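Here the structure comes first, spelled out in structure tokens, and everything after it is commentary.
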Number of protein chains: 2
Amino acid sequence: MADYRELWTSLNMDLEKHDQLCEVLPELYGGVYLTQENRPEGMNYFNFVVSEVHGLRIAELDKHRKEGGKVLGTFCVFVPDEVILAANAISVGLCGGSQFWVPDGEKVLPRNMCPLIKAAVGAKISGTCPYFQSCDMLVGETTCDGKKKAWEILNEYVPVHVMDLPQMKRTKDYAMWMDEIKIFIEKVEELTGNKITVDNLKKAIEVCNAKRRALKRLYNFRKITPSPISGLDALLISQISFYDDPVRFTEKVNELCDELEERAKEMKAEGKKRIMITGTPMALPNWKLHHIIENLPAEVVVEETCTGTRYFENEVDAEGETIEALIKNMADRYLNINCACFTPNDGRVEDVLRYAEEYKVDGVIYYNLSFCHTYSVEYKKVEEALKKAGIPIMNIETDYSTEDSGQIKTRVEAFLEMI
Amino acid sequence: MADYRELWTSLNMDLEKHDQLCEVLPELYGGVYLTQENRPEGMNYFNFVVSEVHGLRIAELDKHRKEGGKVLGTFCVFVPDEVILAANAISVGLCGGSQFWVPDGEKVLPRNMCPLIKAAVGAKISGTCPYFQSCDMLVGETTCDGKKKAWEILNEYVPVHVMDLPQMKRTKDYAMWMDEIKIFIEKVEELTGNKITVDNLKKAIEVCNAKRRALKRLYNFRKITPSPISGLDALLISQISFYDDPVRFTEKVNELCDELEERAKEMKAEGKKRIMITGTPMALPNWKLHHIIENLPAEVVVEETCTGTRYFENEVDAEGETIEALIKNMADRYLNINCACFTPNDGRVEDVLRYAEEYKVDGVIYYNLSFCHTYSVEYKKVEEALKKAGIPIMNIETDYSTEDSGQIKTRVEAFLEMI
């Protein structure tokens with residue numbers, strides 16, 4: 001990575017502490033990713049993105065801001081990127097995936113809270129995440145108690161706009177969500193000074209839909225046995241989708257898919273067990289579970305998570321000649337995401353069953369970040385449905401530490417033998 | 001207690017397991033309550049209510065149901081009792097306050113979840129709570145992740161109607177809450193077969209307001225030094241308010257208050273430290289913290305909790321000549337409750353500061369049921385405000401087990417010495 005110290009200094013970062021982080025990541029990445037054999041050539045771009053994770057993209061954000069553009073940080077697949085893009089702003093996902101940030105998060109948050117939230121807050125207050133430091137505004141939502149209350153703390157450091165997501169999916173909730181999108185549009189217009197128009201919103205919808213299509217195309221290759229791409233690599237691409245330039249990212253994913261098309265013809269079955277992960281998101285650089293699974297005779301072929309299918313399934317209808325119509329289209333698409341924050345959330349159970357068939361999975365691993373109540377309570381419903389369908393399932397609740405890795409490996413091994 | 005076995009059998013209860021519960025409660029109550037010296041005469045009614053907790057009131061509910069009336073179970077101070085009363089139905093609070101029910105709750109819920117929810121669910125699925133067994137419908141709300149998802153499990157046992165509480169307090173949220181109350185009215189009308197009218201709703205508002213006034217009158221006596229009533233006794237009255245007949249309850253509280261008026265003149269200061277509890281609710285029979293505090297040279301003089309001021313502060317305006325107007329009045333009153341489920345929730349900090357002055361408290365104990373995220377994150381804001389105001393505060397996170405009682409006692413002792 002080139003020298004970005006001047007840029008980081010201008011972002012008020014804690015350089016000394018950040019150096020510690022920069023030392024850890026390449027080693028982690030090398031151990032988890034570069035040890036994989038026979039990776040697609042197209043992964044080189046994503047290797048490069050990771051190697052420049054706090055450099056090149058940050059320089060792009062910096063350039064954008066110096067030219068008068070704004071950067072918005074988000075934490076959830078419910079925040080409509082289309083609105084941000086339409087206002088010529090850049091959206092970056094800020095969920096924290098590293099144990100490195102957890103101790104700082106615990107300075108202001110209870111310890112018995114999900115590591116994703118603690119890491120995100122810790123990343124901000126420690127001044128070691130250049131993405132956080134590049135944001136002109138954060139966009140929160142009311143998808144869980146932990147995040148909802150964490151915005152109040154983050155708001156002491158950087159302005160946070162909170163979107164109130166309805167907790168159900170009745171007709172009136174779609175109307176309510178449209179209202180929230182309207183308020184968000186006003187807020188973004190105010191921040192950027194750019195008006196959202198039918199024209200720029202349609203263009204933004206197209207950009208986001210193209211990205212969704214590319215990810216769906218990628219995931220479709222994973223339906224093949226054996227998958228021409230590892231679960232680890234697919235997960236990395238999903239994680240990068242949250243902060244890379246969307247047009248370039250889409251292009252690179254499609255290039256990779258072109259390669260996978262050829263590759264799929266040459267792959268030979270190795271009898272690996274095909275695993276679905278369902279549950280809570282895995283933010284960069286959280287590769288813990290995939291790494292454990294794929295070092296055993298198994299491959300992760302689909303993630304029914306926010307860093308998986310929930311992010312790209314269903315497009316926003318670009319048809320409509322008024323802002324109101326396009327807002328309705330966005331509300332319809334986003335409120336159809338089946339997150340455990342809704343009650344009831346039967347759609348998720350249907351998704352899991354459908355993916356199990358489509359991706360021909362041998363077993364499902366329910367991944368639950370510690371203390372995430374919505375997903376942990378929902379385990380029971382998913383378990384019942386899968387058992388009824390004769391699909392094996394196991395439940396893993398874990399955080400970002402590596403202390404339980406050995407234990408998880410033993411449990412996954414036993415699960416693989418059983419299925 | 002008279003023999004209610006026939007009644008309990010008719011409610012499909014697990015009599016054997018229920019016998020175990022019936023053995024525990026009198027001993028617990030005796031040890032905590034009847035050992036208090038110099039209690040007001042008026043507490044005899046509440047002693048009686050506890051001694052008949054699974055008997056007389058259940059017989060009243062049974063009689064009501066046999067006469068065609070309905071019983072609705074609730075779990076939260078946001079559910080408007082006025083609507084239930086207006087439809088000639090009875091409302092009973094079902095939050096669980098006993099460790100007895102926790103292991104059953106943990107059969108279907110994650111262990112790292114708040115004991116109040118686990119106890120409530122455990123009470124239902126174990127068939128040992130005659131209040132649950134008497135309910136024709138439960139009314140849930142979306143005030144926290146744990147409860148929101150627990151309704152889905154309870155719904156497998158008894159119909160649950162869920163009210164979606166907005167997570168903020170903007171103008172549009174008041175309108176949304178009015179909508180939720182309208183939907184609730186329709187649901188209650190459907191269940192009971194009784195139409196809600198301006199007339200019966202006004203009468204119900206008056207009944208609920210009278211109850212609120214009686215509780216406020218009771219709490220006002222606690223502003224006197226020393227308080228003519230113990231914190232334990234006041235807590236018990238608050239707990240009983242959730243399921244006793246509201247008219248009789250109000251009468252009995254007012255009788256007690258008449259006695260307290262005389263008593264206040266005779267009380268002699270004993271130099272006890274005056275303590276405010278703020279935080280999560282204490283459902284019957286959760287007397288753990290009050291018992292610890294009041295066995296030390298201290299008295300609890302106010303609870304800024306749902307089993308305290310949040311339940312009775314502010315009345316519903318009974319003025320209005322249409323259902324719509326009365327619904328607006330209810331929405332205004334209920335949405336003004338300062339629960340940590342809102343973001344932001346600055347009103348709660350203001351309440352705590354105001355009560356600290358009004359009740360002349362020497363220190364504040366922040367009471368947090370384990371794994372309640374909204375209140376545990378909000379501790380930081382409350383702590384900052386109290387420290388700024390020079391009011392000592394300590395944080396206690398605990399559940400329903402007695403394992404940490406010794407440790408809590410030591411910590412409270414140290415806190416009392418310090419303030």
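The values are calculated or read from the model by the stated rules, or taken from the named source; none is laboratory data. Values in this document were obtained by computation on a predicted structure and should not be read as measured data. We place every Cβ from the backbone using ideal geometry, glycine too, and count neighbours over all the protein chains shown. Calculation scope for accessible area: heavy atoms of the full protein, side chains included, ligands and nucleic acids excluded. Shrake-Rupley method; radii C 1.70, N 1.55, O 1.52, S 1.80 Å.
Things to note:
- Whichever residue in the range A:173-184 is within 8 Å of chain B (Cβ to nearest Cβ) and of a type in the set (D, E, K, R) and, among such residues, is most open to solvent (accessible area, probe 1.4 Å): A:179
- From B:355, B:334, residue being in contact with an Asp or Glu (Cβ under 7 Å, 6 or more places away or on another chain) and at negative phi: B:355
- Just so you know, in the range B:363-382 the residues that are touching a strand residue (DSSP E or B) at 6+ places or on another chain (Cβ under 8 Å) and surrounded by fewer than 22 Cβ atoms within 10 Å (Cβ to Cβ) include one that is farthest from the other protein chains (Cβ to nearest Cβ), and it is B:363.
- Residue check for residue A:282: open to solvent by less than 60 Å² (accessible area, probe 1.4 Å) and more than 19 Å from residue A:94 (Cα to Cα): no
- Only residues that are acidic (Asp, Glu) and in contact (Cβ under 8 Å) with a residue 24 or more places away in the chain were counted across the range B:137-176, and they come to 3.
Quick grid of which residues meet (1) assigned to a loop (DSSP other than H, G, I, E, B); (2) open to solvent by less than 10 Å² (accessible area, probe 1.4 Å):
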{"site": "A:291", "(1), (2)": "no, no"}
{"site": "A:299", "(1), (2)": "no, no"}
{"site": "A:303", "(1), (2)": "no, yes"}
{"site": "A:311", "(1), (2)": "no, no"}
{"site": "A:326", "(1), (2)": "no, yes"}
{"site": "A:330", "(1), (2)": "no, yes"}
{"site": "A:341", "(1), (2)": "yes, yes"}
{"site": "A:354", "(1), (2)": "no, no"}
{"site": "A:361", "(1), (2)": "yes, no"}
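- Some residue of the range B:155-172 being more than 14 Å from chain A (Cβ to nearest Cβ) and either touching a His at 6+ places or on another chain (Cβ under 8 Å) or open to solvent by 20 Å² or more (accessible area, probe 1.4 Å) (or both): no
- Of all residues making up the range A:383-398, the number that are within 14 Å of chain B (Cβ to nearest Cβ), in contact with a Leu (Cβ under 9 Å, 6 or more places away or on another chain) and of a type outside the set (D, E, K, R): 3
- In the range B:101-154, the residue that is nearest to the other protein chains (Cβ to nearest Cβ) out of those that are more than 28 Å from residue A:142 (Cα to Cα) and charged (D, E, K, R) is B:107.
- Scanning the range A:129-144 turns up no residue that is over 22 Å from the mean Cα position of the chain (by Cα) and β-branched (Val, Ile, Thr).
- Qualifying positions in the range A:240-249 - in a helix (DSSP H, G or I) and open to solvent by 10 Å² or more (accessible area, probe 1.4 Å): A:246, A:247, A:248
- Residue B:383 vs. criteria in the same structural domain as residue B:274 (by TED's automatic domain parsing), free of Cβ contacts under 8 Å to residues at least 40 places away in the same chain and farther than 21 Å from residue B:278 by Cβ: no
- In the range B:359-377 there is no residue that is of a type in the set (Asp, Glu), modelled with pLDDT of 95 or more, within 30 Å of residue B:148 (Cα to Cα) and over 22 Å from the mean Cα position of the chain (by Cα).
- Helices (runs of 4 or more DSSP H) enclosed by the range A:1-93 - at least 2 residues per element that are surrounded by fewer than 13 Cβ atoms within 10 Å (Cβ to Cβ): A:5-10, A:15-29, A:43-51, A:56-66
- One residue from B:268, B:211, B:187 being open to solvent by 10 Å² or more (accessible area, probe 1.4 Å), in contact with an Asp or Glu (Cβ under 9 Å, 6 or more places away or on another chain) and either over 30 Å from residue B:133 (Cα atoms) or not assigned by TED's automatic domain parsing to the domain that holds residue B:81 (or both): B:211
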